1. What is the number of the single condition among (1) surrounded by fewer than 18 Cβ atoms within 10 Å (Cβ to Cβ); (2) within 19 Å of the chain's Cα centre (by Cα); (3) not small (Gly, Ala, Ser); (4) not in a strand (DSSP E or B) that Pro162 does not meet?
2. Which of (1) in contact (Cβ under 8 Å) with a residue 12 or more places away in the chain; (2) farther than 30 Å from Ser152 by Cβ; (3) outside any loop (DSSP other than H, G, I, E, B); (4) of a type in the set (Ser, Thr, Tyr) does Tyr58 not meet, given it meets every other one?
3. Inspect all residues belonging to the stretch 34-47 and state whether any of them is within 22 Å of Phe137 (Cβ to Cβ) and surrounded by fewer than 16 Cβ atoms within 10 Å (Cβ to Cβ).
4. Report yes if Asp97 is acidic (Asp, Glu) and under 20 Å from the mean Cα position of the chain (by Cα), otherwise no.
5. Give the number of residues within the stretch 165-199 that are assigned to a loop (DSSP other than H, G, I, E, B) and of a type in the set (Lys, Arg).
6. Has the stretch 76-97 got any residue that is loosely packed, with under 11 Cβ neighbours inside 10 Å, at pLDDT 95 or above and on the phi < 0 side of the Ramachandran plot?
7. In this structure, does Val102 turn out to be without any contact (Cβ under 8 Å) to a residue 40 or more places away in the chain and of a type in the set (Val, Ile, Thr)?
8. Which of the numbered conditions does Asn181 fail, given that it passes all the others? Conditions: (1) within 21 Å of Asn19 (Cα to Cα); (2) over 14 Å from the mean Cα position of the chain (by Cα).
Amino acid sequence: MTDIKRNPLLHADIFTLKNVGTEEQRADLLKHVLDHKKTNEESLVASNPGCWRQRCAYPNMGWLMDALTNLLRSTIKYYSDVDFVFNKLSETIKKTDIEAWVNVNSIGAGNTLHSHKGVSFACVYYLQSKDTGNLVFSNPANILSHDCHTLSPFVHPKAVVPDDGDLIMWPSWVPHLVEPNMSDKDRINLAFNIRLNEQ
């Protein structure tokens, strides 16, 4: 069977950088987030119950944006190697737009199932996350009726257990949710929509 040819059809891989930022950098960013929350108590309309959400652009975040840029570069390279169409289209990228916001999920709060289909990649940086709920991905084909055969590849939800300092990126169209925060502390993360543009 040496003549079998593999032609990738669909990939929805999760890319993770661990331990992004020093303890001092994370503590400084956490302080900016908490100060922001104190002075802007109202959350964005699109937030989930128990989740405070605001757009963010904090000072001294270069280290995080550098890590995100490196992770994005690796992710684009990977998909260029396995997806011929994406490879051709990626040659036309002229600009990358990154939209950032901060989430503070209180105890008991989660994020309902959703996707970010209007952009290229989604990314999250976990600032305070240990034991505050998993990030769970689902195959879009199995969301509404859950009728995919159990012995078919990639039909089961995939849970990622985040740790403080994790930077996680995935294709934006993959549906995902965040489990309710059952810990005794807030879950705090920064989320990013990444749009690759041809002009």
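The values are calculated or read from the model by the stated rules, or taken from the named source; none is laboratory data. Only a predicted model underlies this, so the values are computations on that prediction, with no experimental measurement involved. All Cβ positions, glycine included, derive from the backbone under ideal geometry; neighbour counts span all protein chains shown.
1. Status for Pro162: all satisfied but (1).
2. Tyr58 satisfies every listed condition except (3).
3. yes
4. yes
5. 1
6. So far as the stretch 76-97 goes, no, none of its residues is loosely packed, with under 11 Cβ neighbours inside 10 Å, at pLDDT 95 or above and on the phi < 0 side of the Ramachandran plot.
7. Against the criterion (without any contact (Cβ under 8 Å) to a residue 40 or more places away in the chain and of a type in the set (Val, Ile, Thr)), Val102 does not qualify.
8. For Asn181, the failing item is (1).
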